[in-house]
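Working notes for the structure below.
The values are calculated or read from the model by the stated rules, or taken from the named source; none is laboratory data. Keep in mind the model is a prediction, meaning the values are calculated, not measured. A quick note on method: Cβ atoms are made from the backbone with ideal geometry, for glycine too, and the neighbour counts reach across all protein chains shown. Protein only, heavy atoms only, side chains kept; ligands, DNA and RNA dropped before computing areas. Shrake-Rupley method; radii C 1.70, N 1.55, O 1.52, S 1.80 Å.
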Amino acid sequence: MSVLTANNLTKVYGERSGNYSTNALNGIDLQIEEGEFIAIMGPSGSGKSTLVSILSGILTPTAGSVEICGNRIDTMDQYEMALFRRRKLGFVFQEFNLLDNLTLKENVMLPMVLDKKDSSIMKEKANEIMKLFGIEELADKYPYQISGGQQQRVAVSRALVNDPTILFADEPTGNLDSKSANAVMNCFEKINIEKKVTALIVTHDVFAASFCKKVIFIKDGKIFMNIVRKGTRKEFLDQILDCQAIVGGESNDL
Amino acid sequence: MTFRHVILKNFTGGFKKYFAYFLSASFSIMLFFMYATLILNKDLNGRDDTEAMSYIFPITMVAIAVFSVFFINYAHTAFVKGRNKEFGVYITLGMDSKELRNLVNLENIFIGSLSLATGLLVGTLFSRLFQMVILSLLEIKDIKFHINYRPYLLTFAAFFLIFATVIVRNYFRMRKMDIASLMMEDKKDEGKKYSSMDLILGGLGLAILMGSIVLLVIVANNEDLNSNPFILLIYMAISFFGVYLCIAKLGNLIIHLLKKSKYYYRNILSITELYHKFNQNKKIIFILSVLSTMTIFLVASPFSLFRLSETIAEMDKNHLEYVEVGSINVLPEGELEKTLQKQEVSSNKRLKFLFLNTKEGSKELSSSKPVISVEEYNSLTGNELHVNKGEAYNIVIDWTPGNHGIEPGKSYTFYNGGYSYSYNFKDSRSGDWIAGIYSFPTNSIIVINSEDYELLSAESSEANTGYYHLINFKNWKDSKEVVTAIKNKLGNSELKISSTIENYESLRKAYSVFLFLSTVMGIMFFVAGGSVLYFKQYTELAESQRTFKKLFKIGISYKEMKSIVGKELLAVFFIPLIFGAFLGVSLIYLMTYIVGGDAIIKEFLSNATVVIVIYFVSQGIFYVVTKNKYVHEIVKCI
């Protein structure tokens, strides 16, 4: 069953007819099936972040449609979108986006807090998910007291606390060292395998992308090619590196 | 690039950071200066009608000093907090701490002098404009705007001291800073953990406030204490200290309880916001409490006096009264009626009475009293007094207690050259009369039996007969012209012409300086309160934008944002008003005792209630506007 369907997505920044407009997306069609774990890669400025922002309803497309589980999100009003996002979608950001004033546990609960859920349910759910990622002992600390990798795992926990239909991540390892990045990507893999969570991440980090089952390359606002993981992670990593060389952008020539 | 270049670059580059601090410093300097021009205006000092001012000045002085110190301290902390990360970077880059301190000191000196200059300049312009507008609005003509070097000197000295303290404090604070904590500071948890000390100190604060009520009653009712401005200073300082403890310590306790309560998760964002910013918030709440105290006190007082002068004036029995006796105050036939034609008159009475010398035995009484028959007295006042032949009643019409020269049970004699009649006085009591006590200099009248009166009347000459002229207008406020005309016609006489309009005007005039000062200062404090709130929101906007941007990505609707922001603002907007109402009413109580005794306290307190209600309503409007505008600003950046 397809979880997300996007048709002919176009995004133009600035005045449409003006001289200073930028076409970030040029007609992208995308279909994501349940249980998929996809990475979107591409050079800087290729439109990856714009794409994930539109798919998750943070930005609205200039043209085209996005449907998640039968709901057209590009036509929702602000209020519907807010509710839909916190109930059905999870989002992980490069800069973690944890609230400084809340403890980590409270941060994890936040989407449920906004939904005015019962506090015992919230606590139970937050505990369960933090335990899954091995951060339960950090529950009462504040974001500035822990490392970046730990913060990102808290952010992933928060994104998952409402059992989202699909989990989005925009450069989730962008601010992390390789060890922390590894830990975070293991979390993604774990939830994809164990909890069958559908996930879409945007990354320029081949190492992170190699955890996924499928990598889509985009360039100049269009889908350029996609590859599906068949063998081991190591093989997939090499395959991604080869494709990246074709797509251009960051050069990994040694 | 030298060190000096870095400072300069820093300054021009980070203008926005400095701007808020600069603005608030300039603002408090301006306010202080405007206040100084008032108290140092020689037209307002050393006048006998400004007795009340010698009490208002110390009270406002404490308030304005507390405001200046706390507000600059608040603005400075907010400013430094935003800059600490930058300092951290400098230290990492190898700037030694001495250089950094020099940098910060230079900045402070620069901002300090710039805001001093700006504050004085704007203050000079505004205080002139402001005072003139108020003077013309209140129609006060005998106060002029004066300005000399003294307010400048006073302001300069005061703020030099405040800035010096800030710099010294900063110096000590920076000596114990390390890089790590500097870099973290803008994220750091600022809320203080609750400890049982908070309960003790908070309880102490509450006890001080309760104690201040007791002190208030003692001071108010003790003539020696309530006329001592120094006691007032102490009273103010103690009350403000109590309020501060309540806000800081009980505030911590309440937040602690809220965090434990079942409402916590419902309002987690608002509560944690209050908690983490409590160090700053408690200062703001305290500053605003001081300001709203002064606003309520200073606005309610002139408002009450305005209302009071009308109430007192309307207590007059007639709008125009004069007494015609012998050849005094006599107008040609028809002249009075002719003059009165210019104004609509609702009643015009001429009432005859006898005006006789009185003695007790052989002792002459100092004042002659009007004598009328019981029949006439009853018909005029609607009383049912019964007086037998040979008896008399002394009806006291002055509100002050006492017999006013006539003791019941004694016999007094009326005499006039040829005749003398004695009457046995049954009673001397206060009662109704149809005229005031000013037009005829007496505080009581004598009522005798109608037959006795006929007899006396027949024997009295025209010189012993008087006439009350009692005139009422449809609209006494417009009667000035007619009253003046009649006064001119009657000329200067020994018997006063009493009119409501003139009583009213002289009351107003007596209060004019008080009215002027308290209105000016009340408005100053009111504006200051609004500005402080505005300033607070201005400095916090960037952080709120960051927070809500994060929340928006998780999924939060416009409506929910508004409710979260609303709850955050609620405490800051309304808690100060509650303290302000409490202290404001206390001060009004104290003031009325000092200037007027308990006769006018009811009027003052009821007017204070009106002012407080209006204040709450206008604050409510301000709250809604701020909330909407603030959310709008947040949404704009998302």
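Of note:
Quick grid of which residues meet (1) under 19 Å from B:MET34 (Cα atoms); (2) away from chain A (no Cβ under 14 Å); (3) in contact with a strand residue (DSSP E or B) (Cβ under 9 Å, 6 or more places away or on another chain):
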{"site": "B:LEU515", "(1), (2), (3)": "yes, yes, no"}
{"site": "B:THR519", "(1), (2), (3)": "yes, yes, no"}
{"site": "B:GLY522", "(1), (2), (3)": "yes, yes, no"}
{"site": "B:PHE535", "(1), (2), (3)": "no, yes, no"}
{"site": "B:GLU540", "(1), (2), (3)": "no, no, no"}
{"site": "B:GLY555", "(1), (2), (3)": "no, no, yes"}
{"site": "B:ILE564", "(1), (2), (3)": "no, no, no"}
{"site": "B:LEU569", "(1), (2), (3)": "no, yes, no"}
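- Residue in region A:167-183 that is within 12 Å of chain B (Cβ to nearest Cβ) and acidic (Asp, Glu) present: yes
- Residue list for region B:359-378, restricted to those being of a type in the set (S, T, N, Q) and either closer than 17 Å to B:TYR467 by Cα or in contact (Cβ under 8 Å) with a residue 60 or more places away in the chain (or both): B:SER367, B:SER368, B:SER373
- Subset of region A:129-142 [surrounded by 22 or more Cβ atoms within 10 Å (Cβ to Cβ) and either outside any loop (DSSP other than H, G, I, E, B) or facing chain B (nearest Cβ under 7 Å) (or both)]: A:ILE129, A:MET130
- Unmet requirement for B:LYS489, which otherwise passes all of (1) in contact with a Ser or Thr (Cβ under 9 Å, 6 or more places away or on another chain); (2) closer than 19 Å to B:LEU365 by Cβ; (3) at pLDDT below 85: (2)
- Subset of region B:276-294 (residues that are within 10 Å of chain A (Cβ to nearest Cβ) and over 28 Å from B:ILE612 (Cβ atoms)): B:HIS276
- All of B:ILE634, B:ILE612 fail the test of being open to solvent by less than 10 Å² (accessible area, probe 1.4 Å), assigned to a helix (DSSP H, G or I) and not polar (S, T, N, Q), apart from B:ILE634.
- Evaluation of B:ILE445 against the conditions (1) surrounded by 13 or more Cβ atoms within 10 Å (Cβ to Cβ); (2) assigned to a strand (DSSP E or B); (3) free of Cβ contacts under 8 Å to residues at least 60 places away in the same chain shows that the sole unmet condition is (3).
- Of all residues in region B:404-442, those being of a type in the set (D, E, K, R) and not in a loop (DSSP other than H, G, I, E, B) number 3.
- Filter result for B:ARG546 (within 30 Å of A:ILE73 (Cβ to Cβ) and either touching a Cys at 6+ places or on another chain (Cβ under 9 Å) or surrounded by fewer than 21 Cβ atoms within 10 Å (Cβ to Cβ) (or both)): yes
- Residue selected from region B:194-227 under the condition outside any helix (DSSP H, G or I) and modelled with pLDDT of 75 or more, by the criterion nearest to B:PHE286 (Cα to Cα): B:TYR194
- Cβ separations smaller than 7 Å between residues 6+ apart or across chains give the following pairs from region B:330-358 residues that are free of Cβ contacts under 8 Å to residues at least 24 places away in the same chain to residues that are surrounded by 15 or more Cβ atoms within 10 Å (Cβ to Cβ) and not β-branched (Val, Ile, Thr): B:VAL330/B:GLU324.
- Which numbered condition B:LEU551 misses (of (1) open to solvent by 10 Å² or more (accessible area, probe 1.4 Å); (2) within 14 Å of chain A (Cβ to nearest Cβ)): (1)
- B:LEU507 passes every criterion in (1) open to solvent by 20 Å² or more (accessible area, probe 1.4 Å); (2) aliphatic (A, V, I, L, M); (3) assigned to a loop (DSSP other than H, G, I, E, B) apart from (3).
- Qualifying positions in region B:478-504 - open to solvent by 60 Å² or more (accessible area, probe 1.4 Å) and either within 30 Å of B:SER289 (Cβ to Cβ) or outside any helix (DSSP H, G or I) (or both): B:ASN492, B:GLU494, B:LYS496
- Inter-residue pairs, beta-carbon under 8 Å, first over 18 Å from B:ARG546 (Cα atoms) and facing chain A (nearest Cβ under 8 Å) and in region B:261-275, second open to solvent by 40 Å² or more (accessible area, probe 1.4 Å) and polar (S, T, N, Q), 6+ apart: B:LYS262/A:SER119; B:TYR264/A:SER119; B:TYR265/A:SER119
- Residue check: A:GLY148 meets all listed conditions (1) under 30 Å from B:SER261 (Cβ atoms); (2) within 14 Å of chain B (Cβ to nearest Cβ) but one, namely (1).
- Region A:89-120 - residue that is within 8 Å of chain B (Cβ to nearest Cβ) and at positive phi and, of those, surrounded by the fewest Cβ atoms within 10 Å (Cβ to Cβ): A:LYS116
- Any hit, region B:90-105, residues being modelled with pLDDT of 80 or more, out of contact with any Gly (no Cβ under 9 Å at 6 or more places or on another chain), closer than 25 Å to B:VAL69 by Cβ and surrounded by fewer than 13 Cβ atoms within 10 Å (Cβ to Cβ): no
- Flag for A:ALA126 being in contact with a Phe, Trp or Tyr (Cβ under 6 Å, 6 or more places away or on another chain) and either in a helix (DSSP H, G or I) or within 16 Å of A:PRO172 (Cα to Cα) (or both): no
- When A:LYS222 is tested against (1) more than 18 Å from A:ILE28 (Cβ to Cβ); (2) open to solvent by 70 Å² or more (accessible area, probe 1.4 Å), only condition (1) is not met.
- Among (1) assigned to a helix (DSSP H, G or I); (2) open to solvent by less than 50 Å² (accessible area, probe 1.4 Å); (3) over 16 Å from B:SER68 (Cα atoms); (4) not small (Gly, Ala, Ser) - the single one B:ILE143 does not satisfy: (1)
- Of B:LEU590, B:LEU583, B:LEU605, B:LEU570, all but one fail to be over 30 Å from A:VAL92 (Cβ atoms), modelled with pLDDT of 90 or more and within 17 Å of the chain's Cα centre (by Cα); the exception is B:LEU583.
- Only residues that are within 38 Å of the chain's Cα centre (by Cα) and within 19 Å of B:ASN472 (Cβ to Cβ) were counted across region B:487-506, and they come to 11.
- Taking residues in region A:74-85 that are facing chain B (nearest Cβ under 7 Å), and partners anywhere that are open to solvent by 80 Å² or more (accessible area, probe 1.4 Å), the pairs with Cβ atoms closer than 8 Å and at least 6 places apart or on different chains are A:GLN78/B:TYR558; A:TYR79/B:TYR558; A:TYR79/B:LYS559; A:ALA82/B:TYR558.
- Test: B:ILE564 is farther than 30 Å from B:LEU250 by Cα, in contact (Cβ under 8 Å) with a residue 40 or more places away in the chain and open to solvent by 10 Å² or more (accessible area, probe 1.4 Å): no
- For region A:1-66, the strands (runs of 3 or more DSSP E) that sit wholly inside it and include 3 or more residues that are open to solvent by 50 Å² or more (accessible area, probe 1.4 Å) and touching a strand residue (DSSP E or B) at 6+ places or on another chain (Cβ under 6 Å) are A:2-13, A:22-33.
- Flag for B:LEU135 being closer than 30 Å to B:TYR152 by Cα, part of a helix (DSSP H, G or I) and within 32 Å of the chain's Cα centre (by Cα): yes
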